[in-house]
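Asker: Right, I'll just put the structure down here and ask away after.
The values are calculated or read from the model by the stated rules, or taken from the named source; none is laboratory data. Owing to the predicted nature of the structure, the values given are computational and were not obtained by experimental measurement. Glycine gets a Cβ as well: all are built from the backbone with ideal geometry, and neighbour counts include every protein chain shown.
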C-alpha cells in the first residue's frame with residue numbers, strides 16, 4: 001500500500017519555536033493575514049495544516065475522481081491506519097466543514113483522495129485541501145492530468161455533438177419560428193453548450 005500525506009510542516013504545536021518566530025515577525029511587520037493563520041499566544045492556532053488545492057489540482061482530481069462521499073460514509077475499501085490517523089488529526093483540529101473521500105468510477109484507478117472542505121454550501125466560497133492519497137500504486141499527478149484531459153475532452157466532444165445534432169434538425173431559424181408560432185409554441189429557443 002502506497003500512502004501520500006500533504007501536511008504542512010511547522011504549523012502545528014509540534015514546532016512551537018517556528019510558529020512563535022513566525023508570529024513575532026508577523027506582528028512586527030503588521031501582517032494581519034499571517035496573524036490570522038498563526039493566531040496569537042492567547043488564541044489557539046487556527047491554521048489548516050494541509051495545503052489548499054490549486055485550481056488545476058481541483059479540476060484534475062474532480063475529473064478523475066468524480067465520486068465523493070463524507071469520510072464517515074466511505075465504504076469502497078478499507079482505509080489504511082495512516083489515513084485514519086490523518087482523519088483523526090483533522091477531526092481533532094476541527095478545521096474543516098467536511099472531510100471527504102473522492103474516488104473514481106473506473107475500476108482501473110484505485111487511488112482515493114482524502115479532501116478537507118471549508119465553505120458550508122455551494123453558494124459560499126469553498127476551499128478544498130489535499131490531505132492524503134492511498135492505493136496499491138499511486139499514479140503521478142502528470143499521469144492523472146493526462147487522464148483528466150482525456151475524460152474532459154470526451155465529455156466536451158459528446159456535448160458538442162448533442163448541440164450539433166439539435167441544430168442540424170432545424171432547417172433554418174425562419175422555418176422553425178414560423179412552425180413554432182403556428183403550433184402556439186411562442187418561446188425563445190434555448191441551446192446549451
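Asker: When you look at residue 73, is it modelled with pLDDT of 95 or more, touching a helix residue (DSSP H, G or I) at 6+ places or on another chain (Cβ under 8 Å), within 29 Å of residue 136 (Cβ to Cβ) and in the same structural domain as residue 130 (by TED's automatic domain parsing), yes or no?
Answerer: no
Asker: Can you pull out the residues in segment 52-86 that are closer than 15 Å to residue 132 by Cβ and in a helix (DSSP H, G or I)?
Answerer: The answer is 57, 61, 71, 81, 82, 83, 84, 85, 86.
Asker: Hey, among the residues in segment 87-96 that are assigned to a loop (DSSP other than H, G, I, E, B) and buried (at least 16 other Cβ atoms within 10 Å of the Cβ), which one's modelled with the highest pLDDT?
Answerer: Residue satisfying both the conditions and the ranking: 96.
Asker: Turning to a different aspect of this structure: Select from segment 113-137 the residues that are more than 16 Å from the chain's Cα centre (by Cα) and surrounded by 16 or more Cβ atoms within 10 Å (Cβ to Cβ) and list them in ascending order.
Answerer: Within segment 113-137, 134, 135 qualify.
Asker: If you go through segment 105-128, how many residues are at pLDDT below 90 and on the phi < 0 side of the Ramachandran plot?
Answerer: 14
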